[in-house]
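*Asks:* Got a structure for you, questions after.
The values are calculated or read from the model by the stated rules, or taken from the named source; none is laboratory data. As the structure is a computational prediction, the values presented were derived from the model and not from experiment. Here the Cβ is made from the backbone with ideal geometry for all residues, glycine too, and neighbour counts use every protein chain on show. In case anyone asks, the SASA skips ligands and DNA or RNA and just uses the protein heavy atoms, side chains included. Shrake-Rupley method; radii C 1.70, N 1.55, O 1.52, S 1.80 Å.
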Amino acid sequence: MKKVDCQTFDPDYVKFDMCNLSPNSENIPTLSIHIKLLQLPLTNLNLRIAVGLYGSTQIKVLNATFDICDFLKNRKSNKALGRLYQYIAPYTNLNHRCPYKHDIYIKNLSLSSRESFLSVFNGDIVTRIEATTDEKKRVAIELRSSY
């Protein structure tokens, strides 16, 4: 991971208390994000996940929108999202059904080449995640990585 950018579109609804990359004990960058929800409970959540591979040509690897509340009711309902969720689950508290009555965080998530589901690609990768609740875009997180 090289860079992370976190953006809020509705500061009265949500804010980032933390959004950074820092090296772990093996000097591998880890991602930590703390999303402070200012209007609780969170009863619906859609994530648009776009992953692009950039090099001499631009390739969209993934561009899809997921209903996270539905997914968390049945984690076998979408295999692609299920694999991604298995990878990040140990690092997040996004681990139960909606409603959410607390902040959401990711702590010390590593995308080292040994572990990452993105490691099958070579080049620069941009992952953009946009979160929508109540049909309003609330936040966006953009992560730049290289393999």
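To keep it simple, each residue is scored yes or no on (1) crowded, with 17+ Cβ neighbours inside 10 Å; (2) over 16 Å from the mean Cα position of the chain (by Cα); (3) of a type in the set (Gly, Ala, Ser).
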residue: 20; (1), (2), (3): no, no, no
residue: 26; (1), (2), (3): no, yes, no
residue: 36; (1), (2), (3): no, no, no
residue: 45; (1), (2), (3): yes, no, no
residue: 48; (1), (2), (3): no, no, no
residue: 61; (1), (2), (3): no, no, no
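*Asks:* Go through 8, 43, 30 for me and flag whichever is in contact (Cβ under 8 Å) with a residue 24 or more places away in the chain and over 20 Å from residue 130 (Cβ atoms).
*Replies:* Numbers: 8 fails: over 20 Å from residue 130 (Cβ atoms); 43 fails: over 20 Å from residue 130 (Cβ atoms).
After ruling out the rest, the residue left standing is 30.
To keep it simple, each residue is scored yes or no on (1) of a type in the set (A, V, I, L, M, F, W, C); (2) under 17 Å from residue 3 (Cα atoms).
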residue: 26; (1), (2): no, no
residue: 37; (1), (2): yes, no
residue: 40; (1), (2): yes, no
residue: 44; (1), (2): no, no
residue: 48; (1), (2): no, no
residue: 52; (1), (2): no, yes
residue: 60; (1), (2): no, no
residue: 65; (1), (2): no, no
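Yes or no, residue by residue, for (1) open to solvent by less than 70 Å² (accessible area, probe 1.4 Å); (2) farther than 16 Å from residue 141 by Cα; (3) modelled with pLDDT of 90 or more; (4) small (Gly, Ala, Ser):
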{"residue": "66", "(1), (2), (3), (4)": "yes, no, yes, no"}
{"residue": "69", "(1), (2), (3), (4)": "yes, yes, yes, no"}
{"residue": "74", "(1), (2), (3), (4)": "no, yes, yes, no"}
{"residue": "78", "(1), (2), (3), (4)": "yes, yes, no, no"}
{"residue": "81", "(1), (2), (3), (4)": "yes, yes, no, no"}
{"residue": "87", "(1), (2), (3), (4)": "yes, yes, no, no"}
{"residue": "96", "(1), (2), (3), (4)": "yes, yes, no, no"}
{"residue": "104", "(1), (2), (3), (4)": "yes, no, yes, no"}
{"residue": "108", "(1), (2), (3), (4)": "no, no, yes, no"}
